[in-house]
Amino acid sequence: MTATATRTLNVTEAIETRRSIRKFVQEPIPAADLHEVLRLASLAPSAWNAQTWRFAVIQNPELQGKLQEAAYGQGQITNAPAVIVVYSDMEDTLNTVEETAHPGMGDAGRNGQRKTFDGVFGAQDVAQRGAWGLSQANIAFGFMMVAARGLGYDTVPMLGFNPQQVKDLLGLPAHVQIAGLLPIGKRAEEGFPHHRHSVERITKFY
């Protein structure tokens, strides 16, 4: 698929044609497309339906320039029309945990959700439960890349950045955990094809 693709890809096509792209077509992403990528990412599985993930979407060139500095000067930050910061806020999740109970479960579900989370995480410190919340956000991070590709967009997952600088730049609380930065747009290069271990190399069957 090229940068001019308009059809929606199926899951297999999205995964097989995904590339890590660092040079993007210089055109803005329609708000509706961005919203759809975020909506699909938010449908990622989450233990206890915690949904600890949060998204920060940066489309301001000046802010992207500062974010690039926090990412050790990596050029894809400012080359992409948008950058999505995927992070986890476990403290917000705990404070509002009743919101994650399914409405069909009524008051019993909300009370049960509160009891479960207080019991599991109440005795943990912020760092311990923050690590668990980050594991949930990482799932959404992966879903987001597939969702973007399925809509004809390209991304490159970035784990090289100064977390504290990113938090300061975006005004995020100190306790949040950042899963990664995700420049997104339409590819202006093809990128390298996949080079992966075989299934047999990485798998044990029991």
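Across the stretch 57-92, the qualifying residues are those that are surrounded by fewer than 19 Cβ atoms within 10 Å (Cβ to Cβ) and of a type in the set (A, V, I, L, M), and the one among them that is farthest from Phe121 (Cα to Cα) is Leu63. Inside the stretch 93-111, can you point out the residues that are more than 30 Å from Leu67 (Cβ to Cβ), part of a helix (DSSP H, G or I) and open to solvent by less than 30 Å² (accessible area, probe 1.4 Å)? Once the filter is applied, which keeps residues that are more than 30 Å from Leu67 (Cβ to Cβ), part of a helix (DSSP H, G or I) and open to solvent by less than 30 Å² (accessible area, probe 1.4 Å), the stretch 93-111 yields Val97, Gly106, Gly109. If we keep just the residues of the stretch 178-206 that are among the charged types (D, E, K, R) and over 17 Å from Thr155 (Cα atoms), which is surrounded by the fewest Cβ atoms within 10 Å (Cβ to Cβ)? Applying the filter and picking the extreme gives Lys204. If you go through the stretch 32-49 one residue at a time, do you hit one that is touching a helix residue (DSSP H, G or I) at 6+ places or on another chain (Cβ under 8 Å) and in a strand (DSSP E or B)? No, there is no match, as no residue in the stretch 32-49 is touching a helix residue (DSSP H, G or I) at 6+ places or on another chain (Cβ under 8 Å) and in a strand (DSSP E or B). The C-beta contact set for the stretch 94-117 (first residue closer than 15 Å to Arg129 by Cα, second residue loosely packed, with under 13 Cβ neighbours inside 10 Å and not hydrophobic (A, V, I, L, M, F, W, C), distance under 9 angstrom, 6+ apart or interchain) comprises Leu94/Asp118; Leu94/Gly122; Val97/Asp118.
Being of a type in the set (A, V, I, L, M, F, W, C), in contact with a strand residue (DSSP E or B) (Cβ under 7 Å, 6 or more places away or on another chain) and open to solvent by 10 Å² or more (accessible area, probe 1.4 Å) is the filter here; which residues of the stretch 143-163 pass it? Steps first, please.
As a first pass, look at the stretch 143-163 and keep what is of a type in the set (A, V, I, L, M, F, W, C): 143-148, 151, 156, 158-159, 161.
Narrowing the set further to residues that are in contact with a strand residue (DSSP E or B) (Cβ under 7 Å, 6 or more places away or on another chain) leaves 144-145, 148, 156, 158-159, 161.
Within the stretch 143-163, Met145, Leu159, Phe161 qualify.
Close contacts from the stretch 20-46, counting a first residue that is closer than 20 Å to Asn60 by Cα and a second that is in a helix (DSSP H, G or I) and open to solvent by 40 Å² or more (accessible area, probe 1.4 Å), with Cβ to Cβ under 6 Å and a gap of 6+ residues or different chains, come to Lys23/Asn79; Phe24/Asn79. Of all residue pairs spaced 6 or more apart or on separate chains, those with beta-carbon atoms under 6 Å, a first member in the stretch 152-178 that is more than 19 Å from Tyr72 (Cα to Cα) and a second member that is in a helix (DSSP H, G or I) and open to solvent by 50 Å² or more (accessible area, probe 1.4 Å) are His175/Val126. Applying the condition of being more than 11 Å from the chain's Cα centre (by Cα) and among the β-branched types (Val, Ile, Thr) to the stretch 157-185 and asking which residue is farthest from Pro81 (Cα to Cα) yields Val176.
Taking every residue in the stretch 54-72 that is among the aromatic types (Phe, Trp, Tyr) and pairing it with any residue that is in a helix (DSSP H, G or I), at least 6 positions away or on another chain, the pairs with Cβ-Cβ distances below 7 Å are Phe55/Leu38. Is it true that Ala131 is surrounded by 19 or more Cβ atoms within 10 Å (Cβ to Cβ), under 18 Å from the mean Cα position of the chain (by Cα) and in contact (Cβ under 8 Å) with a residue 24 or more places away in the chain? No; evaluated as a whole, the condition is false for this residue. Apart from one condition, Val166 fits all of (1) in a helix (DSSP H, G or I); (2) among the β-branched types (Val, Ile, Thr); (3) within 23 Å of Trp48 (Cα to Cα); (4) open to solvent by less than 30 Å² (accessible area, probe 1.4 Å); the exception is (3).
Just one of the listed residues (Val57, Val37, Val25, Val85) is closer than 16 Å to Thr155 by Cβ and either touching a Pro at 6+ places or on another chain (Cβ under 9 Å) or modelled with pLDDT under 95 (or both), namely Val25.
The values are calculated or read from the model by the stated rules, or taken from the named source; none is laboratory data. As the structure is a computational prediction, the values presented were derived from the model and not from experiment. Don't worry about glycine lacking a Cβ; one is built from the backbone with ideal geometry, like all the others, and counts go over all protein chains shown. To get the accessible areas, we keep the full protein, side chains included, count just its heavy atoms, and leave off ligands, DNA and RNA. Shrake-Rupley method; radii C 1.70, N 1.55, O 1.52, S 1.80 Å.
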